[in-house]
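Just so it is clear, none of the values below were taken in a lab; they were calculated from the coordinates. This structure is a prediction, so every number in the text was calculated from the model and none was measured. Note that each Cβ is placed from the backbone with ideal geometry, even for glycine, and that neighbours are counted across all protein chains shown.
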Amino acid sequence: MEVFLKTVLFVAVLCFSSWGRALPGVRVAFSLDKPPYVIHETSSGLEVELLRRVFLDMGYEMIPVFQPPARSVRSLELGHVEAMATINNTPKFYLSDSYITFQNFAWTLKSKSHQLNGLGDLSKKSVIAFQNARSFLGPEFSSAISKNSDYHEYAEQSRQIKMLLMDRVDVIICEERTFRMQKDKIQRKSAHPLPEIAKHALFPKSQYSVAFHDKRMRDSFNKSLKRIREKGELKTVFNQYAD
């Protein structure tokens, strides 16, 4: 009986130790504030919550690292982070299966009546896009703005929207949900109505992945992504952040 009780006590202590043990952490680089996808202040957002669930399924606690995309690439190269979110084109790392799709648009002030019928029309306009847009938006876009001396990229997308509203740039390139949330935020702080905006559909939908330094971790991520997608967890996260 005494041996039995000691055995039960040992198993109980072992189980308690396992339950109380923290999961290993994995550092994942995200962009700066990009509501509703990335919300730095609360370490939340659609992308953050979605990837947190995938890494939890893998057995990791995700540790978000918020910084400009260019710095994130360098951090991944140096091993300061294990993964980088929201990327679709890099020969340096191992890319996961796509986990999210964005729809970018060109936005202008309606009062200016800018005619944008194709990407080539951007070559003669002042343009502000998000950081690394040259890589993310494809070779045709890169070619269109290659000789445009009035093309700029900002890591903080709220800044480009403010520039447009102040009529300090002709065109900005921004994902639709991000644009509308940032514009609404600016409107709430303004005593006057904001100018009307025109939306120009120049880009196809873009699918984004996670970049990994380690191939085995990438493969494990893909398995967990597929598993939680089949369980309906991805849809649950998207519904939480639905317009």
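Out of these labelled values of mean projected area of the Cα convex hull in nm², (i) 17.2; (ii) 15.7; (iii) 16.4, which was calculated from the coordinates shown here? Entry (i). Every helix of 4 or more DSSP H residues in the chain counts as -39500 (n - 2.57), and over all residues that averages to -12500 deg cm²/dmol at 222 nm.
Values of log10 I(q)/I(0) for region 194-240 across q = 0.13, 0.16, 0.19 Å⁻¹ run -0.56, -0.70, -0.81, by the Debye formula with one identical scatterer at each alpha carbon and no solvent.
Only the Cβ atoms of Lys and Arg (+1) and of Asp and Glu (-1) were treated as charged; on that basis the dipole of region 104-200 about its Cα centre amounts to roughly 320 debye. Considering only 60, 222, 238, and ranking their Cα positions along the charge dipole of the chain that arises from unit charges at the beta-carbon of Lys, Arg, Asp and Glu, the one farthest toward the positive end is 238. The stretch between residue 126 and residue 235 holds 35.4 nm of extra length on full extension. This uses 0.36 nm per residue minus the Cα-Cα distance.
As I understand it, the value is the acute angle between the Cα axis of helix 176-188 and the longest principal axis of the Cα atoms of the chain; what does it come to in degrees, rounded to 10? Around 80 degrees separate the two axes.
Expected output is a single nm value to one decimal: the length gained when fully extending between residue 70 and residue 41, i.e. 0.36 nm times separation in residues minus the C-alpha distance. What is it? Extending this stretch completely gives an extra 8.4 nm. As an exercise, take the mean of 1/r over every pair of distinct alpha carbons in region 54-142, invert it, and state the Kirkwood radius in angstroms. After inverting the pairwise mean of 1/r, the radius is 16.1 Å.
With respect to the cross-link table entries 124/199; 34/125; 110/162; 147/205, which display a Cα-Cα separation exceeding 22 Å? Violating the 22 Å Cα-Cα cut-off are 34/125; 147/205.
If the chain linking residue 156 and residue 114 were pulled fully straight, counting 0.36 nm for each residue of separation and taking away their Cα-Cα distance, it would gain 12.7 nm.
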